[in-house]
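The values are calculated or read from the model by the stated rules, or taken from the named source; none is laboratory data. It should be emphasised that the depicted structure is a prediction, and the values quoted were computed from it without experimental measurement. Neighbour counts run over all protein chains shown; Cβ positions are idealised from the backbone, glycine included. The protein model used for the area step is the full one, side chains on, heavy atoms only, and it has no ligands, DNA or RNA in it. Shrake-Rupley method; radii C 1.70, N 1.55, O 1.52, S 1.80 Å.
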Amino acid sequence: MESSAIDPGVINEKMLRVAIEEQGYRGEAQRLSQLEPINYAKITSIRLEFLNILKIDHLWVLTNLTKLSLNYNKIDKIENLHMLTKLTDLDLSFNYIEKIENLEKLTQLEVISLYSNRIQQIENLHHLEHLQIVSLAKNCIKTYDGIEKLRFLKKLSVINLEDNPISRDLDNPTSEYVAAFLPQIKYYNYTLIADETRASAREKYSRELRKLEEIESEEKVLREKIEKDAKEEVLLRQCFVEFLNRHQLFDSLFDASDSVLNVDEKAIGLRMEFKDRYLSIAEELRKVGVDEDKRRQVEIAEFRKCIEEARTETQKKAQMLIEKYLEEKEENTLDASCIAERLDEMWKFLMEEEVLLFENIEAGIETFRSNMEHMIEEFFHKAQICLNKIREADTLYLDALEESVTEFIMLKITSSRENEIPTDLKDTDSIASRIIQMGQRHRLKIDEIKRVLMERAKAWVKEFIKGLHEEEVQRNRAKIIEINYFLDYEREKHDANLV
């Protein structure tokens, strides 16, 4: 359909439904499919081309989309794609897009084509670690600025920048620039980059490369740190102790500008001593979290292994029975009455085996739930010991702090240097009250940590067990349908032979 025949508009549900129907079934199957509501969650690929689309919208209903083509429209902005986290192939060619943006959530993207748009700069692609193919040909790119960040995309092997203003610079051909600065690229403009071409290009840009590599080495260290911190945060969240990452809990206990904490070097020293003690206990708690998570993962792996073995054993019995029946039928050793009787016996046996398997797995899941709950209780007990140690260390610190601040004030008073006492510390009763309140806040904070930790751990067990039950129910239903489908098919063939 020609785009000029369609009024410009926004992606909506009607447009999606029509596209899905046109790209799916044909003929009678299409008519029948239109009688049922579309299950958008099952759609993995869609083309919305030549539709005069002005704005990307409503695609969040396609939660499992992996391939999206919006070619030949009038889109001027990349937007509203953040829910399509499973997208691997995105084609926005032949539009009016001026800026590469809003792709941060599309972390699984492997192919992106922005051919024939109005893009002016290479940007906002460096975080897409799975990118393999990038097409930015026929745009308005006038500078190589930003291309160096693509060096971090280790899987990127194909790029096309032809028919841009930069590609018209005869002194710095784009193919040479790519060959020199993007060592992982194998194909430029879909043509293999020869080894001699790359060597020559690197020699030509040797000075610029040295400078870039110096900057890059510093950035690499920073990237590695960020990546390490991110992995650490994921690990600690999985272990329910993410509050230990980067001293969050300790920093949250204090207002660093509080004059009580910084009245003199002794007070500052006391806080540093407490911090050292806190970090030691925090490391102990972190180890508890990681070790207990490892124990749970071993238990989960063992349980899944047992389930898989049980399923495999039942499947083998079913296969042996069916293969024996098919062999006997092929050899004509079964007469008509025997076939009908055998099919009934097979149905009974297969159903009994499936019911037995289902009941055993369900019982196993409940036993596993009990084991997980017990392991979580053990983890919480160990975590509570560590958190109690933090509370005890906090109490000792606050007692020492009160004594230190009082001593400081008395020293200033006896030496007639009251003017050196901070205004808000001249009332000793007020100091004691402030430290008591500080202790109360600390206890509330630690108690809240304990409560959230336990709630999250229990919620995880509940969700995990729920997922196991749902997985088994779906498997059981699918297996029952499979058994009935096979036996009904055999019965229909048998009845047809009798006619």
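One residue is enough: does the stretch 328-339 have a residue meeting the conditions open to solvent by less than 80 Å² (accessible area, probe 1.4 Å), touching an Asp or Glu at 6+ places or on another chain (Cβ under 7 Å), in a helix (DSSP H, G or I) and closer than 20 Å to residue 484 by Cα?
Within the stretch 328-339 (the criterion being open to solvent by less than 80 Å² (accessible area, probe 1.4 Å), touching an Asp or Glu at 6+ places or on another chain (Cβ under 7 Å), in a helix (DSSP H, G or I) and closer than 20 Å to residue 484 by Cα), the answer is no, since none of the residues qualifies.
Considering only the stretch 184-193, I want to know if a residue exists there that is open to solvent by less than 50 Å² (accessible area, probe 1.4 Å) and closer than 20 Å to residue 115 by Cα.
Yes: one or more hits.
When you check residue 246 against the structure, is it under 36 Å from the mean Cα position of the chain (by Cα), more than 21 Å from residue 144 (Cα to Cα), modelled with pLDDT under 90 and not hydrophobic (A, V, I, L, M, F, W, C), yes or no?
Working: under 36 Å from the mean Cα position of the chain (by Cα): yes; more than 21 Å from residue 144 (Cα to Cα): yes; modelled with pLDDT under 90: yes; not hydrophobic (A, V, I, L, M, F, W, C): yes.
So residue 246 fits the description; yes.
Taking the stretch 167-180 as the search range and keeping residues that are in contact (Cβ under 8 Å) with a residue 24 or more places away in the chain and open to solvent by less than 10 Å² (accessible area, probe 1.4 Å), which one is nearest to residue 78 (Cα to Cα)?
178
Does residue 416 fit the bill of being outside any helix (DSSP H, G or I), loosely packed, with under 13 Cβ neighbours inside 10 Å and not basic (Lys, Arg)?
Answer is yes for this residue.
Can you find, within the stretch 313-327, the residue that is modelled with the highest pLDDT among those that are closer than 22 Å to residue 496 by Cα and open to solvent by less than 60 Å² (accessible area, probe 1.4 Å)?
So, considering only residues that are closer than 22 Å to residue 496 by Cα and open to solvent by less than 60 Å² (accessible area, probe 1.4 Å), the one modelled with the highest pLDDT is 322.
Restricting attention to the stretch 212-243, which residues are aliphatic (A, V, I, L, M), surrounded by 13 or more Cβ atoms within 10 Å (Cβ to Cβ) and either under 18 Å from residue 181 (Cβ atoms) or over 21 Å from the mean Cα position of the chain (by Cα) (or both)? Step through it out loud before you land on a result.
Initially, the stretch 212-243 is screened for residues aliphatic (A, V, I, L, M), giving 212, 215, 221-222, 226, 230, 234-236, 241.
Remaining after also requiring surrounded by 13 or more Cβ atoms within 10 Å (Cβ to Cβ): 212, 235-236, 241.
Answer for the stretch 212-243, where residues must be aliphatic (A, V, I, L, M), surrounded by 13 or more Cβ atoms within 10 Å (Cβ to Cβ) and either under 18 Å from residue 181 (Cβ atoms) or over 21 Å from the mean Cα position of the chain (by Cα) (or both): just 212.
Report the residue count in the stretch 128-149 for those that are in contact with a strand residue (DSSP E or B) (Cβ under 6 Å, 6 or more places away or on another chain) and either open to solvent by 50 Å² or more (accessible area, probe 1.4 Å) or over 12 Å from residue 174 (Cα atoms) (or both).
Residues of the stretch 128-149 in contact with a strand residue (DSSP E or B) (Cβ under 6 Å, 6 or more places away or on another chain): 133-135, 137.
If we keep only those that are either open to solvent by 50 Å² or more (accessible area, probe 1.4 Å) or over 12 Å from residue 174 (Cα atoms) (or both) as well, we get 133-135.
Residues meeting the conditions: 3.
Quick check on the stretch 150-164. Is at least one of its residues open to solvent by 50 Å² or more (accessible area, probe 1.4 Å) and either among the aliphatic types (A, V, I, L, M) or assigned to a helix (DSSP H, G or I) (or both)?
Taking the stretch 150-164 first, the residues open to solvent by 50 Å² or more (accessible area, probe 1.4 Å) are 154-155, 162-163.
From what is left, the residues that are either among the aliphatic types (A, V, I, L, M) or assigned to a helix (DSSP H, G or I) (or both) are none.
Looking through the stretch 150-164, none of the residues is open to solvent by 50 Å² or more (accessible area, probe 1.4 Å) and either among the aliphatic types (A, V, I, L, M) or assigned to a helix (DSSP H, G or I) (or both).
Taking the conditions exactly as written (surrounded by 13 or more Cβ atoms within 10 Å (Cβ to Cβ) and at pLDDT 95 or above), does residue 299 satisfy them or not?
yes
Which one is nearest to the chain's Cα centre (by Cα) among residues in the stretch 392-402 that are surrounded by fewer than 18 Cβ atoms within 10 Å (Cβ to Cβ) and charged (D, E, K, R)?
392
Do we find that residue 402 is acidic (Asp, Glu) and under 30 Å from residue 257 (Cα atoms) in this structure? Outline the logic, then answer.
Details: acidic (Asp, Glu): yes; under 30 Å from residue 257 (Cα atoms): yes.
Answer is yes for this residue.
Residue under question is residue 209, and the condition is that it be among the aliphatic types (A, V, I, L, M) and surrounded by 15 or more Cβ atoms within 10 Å (Cβ to Cβ); does it hold?
Yes: the conditions hold for residue 209.
Looking only at helices (runs of 4 or more DSSP H) that fall completely inside the stretch 178-270, which ones have 1 or more residues that are charged (D, E, K, R), out of contact with any strand residue (DSSP E or B) (no Cβ under 8 Å at 6 or more places or on another chain) and within 30 Å of residue 426 (Cβ to Cβ)? Before the answer, list the steps.
Working: elements: 195-204, 206-238, 248-253.
Qualifying helices (runs of 4 or more DSSP H): 248-253.
Being touching a strand residue (DSSP E or B) at 6+ places or on another chain (Cβ under 8 Å), surrounded by fewer than 18 Cβ atoms within 10 Å (Cβ to Cβ) and part of a loop (DSSP other than H, G, I, E, B) is the filter here, so list the residues in the stretch 46-65 that pass it.
Scanning the stretch 46-65 gives 49, 52, 57, 58.
Somewhere in the stretch 359-366, is a residue without any contact (Cβ under 8 Å) to a residue 24 or more places away in the chain, part of a helix (DSSP H, G or I) and polar (S, T, N, Q)?
no
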